[in-house]
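Worksheet: the structure to be examined is printed underneath.
Each reported figure results from applying straightforward, stated rules to the coordinates on display, with no laboratory input. Since this is a predicted model, take the numbers as computed values, not measurements. Glycine also receives a Cβ, built like all others from the backbone with ideal geometry; neighbour counts cover every protein chain displayed.
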Amino acid sequence: MDTDARWLDELEQRAREVLPASVLEYVLQGARESVTAGEATAGWRAVRFRPRVLHDVTHVETGVSLLGQPVAVPWGVAPSTLQRAVHPEGELAMARACAEAGSLMVVSSNAGTPFAEIGATGVDWWVQAYLPADRTLAEPMLERAVAAGARAVVLTVDTPVVATKYASPGIPAVWDTVDPAMLRVNFDAGYDEQPGAEKALDLGPHDIGWVAARTGLPVVVKGVLRAEDAVRCVQAGAGAVWVSNHGGRQLDRTAATSSCLPEVVGAVGERAEVYVDGGLRHGLDVLAALALGARAVFLGRSPLLALLDGADGVARLHRELRVQTVEALRLAGCRTASEAPGLAAAPRPTPL
Ligand SMILES: Cc1cc2nc3c(=O)[nH]c(=O)nc-3n(C[C@H](O)[C@H](O)[C@H](O)COP(=O)(O)O)c2cc1C
């Protein structure tokens, strides 16, 4: 099989050629000076392995269980807004490719495709939510997700406000160019105009219990970078914590997730699942994250870029990653993802 890590770089190049400038900027941008966005991948590349040898690696199994459900690969697609601006089939193409690969898809609450249509593809999916100041305004969206078969709610907690991104000269903001029908179709009509629809500034651990009670689903808290916050999440009933700095799109100069992951795993890894995202591009990055104790990883920009070629592009991304990850596991002397912890020393924290 053709497996070429440079394919993703080529995709980014092609995206620069074919995507409308505003959409391209939206996908690739980081907050402020993009310090955090720029350091993410280097953090994974800084991890060094000490492979095990004299282990039979004839059969390598990539499957893991996430919140009690089996998935075929230890990576999923992270939630991202405006998938239909990258490809007309948007979330549906993403879902079909994930279903084929046996990979979990996390659907943004901002999605431009009805949850029921996404669920009908047969994909294993979770819904992501931001909570508004008036929590009750989120209920209809959450109810639609439950009805359409979402298996968990990913509560994003790193966005009390949307961080400032600098526009390139001459490029209009994406929000002024895209069809509003590509956004938030799973909310009630007029949602954004209602008082209390702005993002909550007062999120607390009790919101985890509120979401769990409203939906009857496990809650995954996305955007946790510190041990004590991870402990608060788990004490409040979270089923998993997701180490993320939002792809460097929120507080710029936030530490790389590769350097925060070991602390969070150390604090709650025995009681809850820990996931990570940010800058993971290659099977070797997946191995690095598993080695540092992540149960699974999530990918944001890579599948969005792969979506340029619709479901075929995302399917190819899954295939490439699978081949790379199996090779990495085999070379590291691991038959399963669960044998990866301990293979690596934690990378040094992001230099100050
Ligand atoms: C274009 C774009 C849109 C995003 N939209 C959302 C969103 O709606 N909700 C959310 O929780 N995270 C969102 N994220 C953050 C991703 O879920 C994820 O945390 C991040 O992209 C991971 O880093 P990576 O892009 O380097 O893989 C978005 C990221 C991108 C690139």
Quick one: in region 96-111, of everything that is within 11 Å of the ligand (Cβ to nearest atom) and in contact (Cβ under 8 Å) with a residue 60 or more places away in the chain, which residue is surrounded by the fewest Cβ atoms within 10 Å (Cβ to Cβ)? Asn110
Considering only region 75-94, how many residues are near the ligand (Cβ under 9 Å from one of its atoms) and in a loop (DSSP other than H, G, I, E, B)? 5
Just a yes or no: is a residue in region 187-201 touching a helix residue (DSSP H, G or I) at 6+ places or on another chain (Cβ under 6 Å), closer than 25 Å to Gly300 by Cα and not in a loop (DSSP other than H, G, I, E, B)? no
Can you say whether Leu201 is away from the ligand (no atom under 16 Å from the Cβ) and of a type outside the set (Phe, Trp, Tyr), as far as the supplied structure shows? yes
Looking at region 162-178 only, could you name the residues that are among the hydrophobic types (A, V, I, L, M, F, W, C), within 14 Å of the ligand (Cβ to nearest atom) and part of a loop (DSSP other than H, G, I, E, B)? Val162, Ala163, Ala173, Val178
Scan region 261-270 and tell me whether some residue there is crowded, with 24+ Cβ neighbours inside 10 Å, acidic (Asp, Glu) and either more than 10 Å from the ligand (Cβ to nearest atom) or closer than 26 Å to Met94 by Cα (or both). no
Testing Ala15 on (1) more than 12 Å from the ligand (Cβ to nearest atom); (2) out of contact with any Ser or Thr (no Cβ under 7 Å at 6 or more places or on another chain), one condition comes back false. Which one is that? (1)
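Can you tell me which residue in region 162-182 is surrounded by the most Cβ atoms within 10 Å (Cβ to Cβ), limited to those that are closer than 24 Å to Ala145 by Cβ and either in contact with a Gly (Cβ under 6 Å, 6 or more places away or on another chain) or among the small types (Gly, Ala, Ser) (or both)?
Met182
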Being closer than 30 Å to Thr164 by Cα and surrounded by 14 or more Cβ atoms within 10 Å (Cβ to Cβ) is the filter; apply it to region 39-56 and report the residue that is farthest from the ligand (Cβ to nearest atom). Ala46
Can you name every residue in region 193-208 that is free of Cβ contacts under 8 Å to residues at least 40 places away in the same chain and exposed (fewer than 13 other Cβ atoms within 10 Å of the Cβ)? Glu193, Gly204, His206
Under the condition of being crowded, with 19+ Cβ neighbours inside 10 Å and among the charged types (D, E, K, R), which residue from region 116-150 is nearest to the chain's Cα centre (by Cα)? Asp124
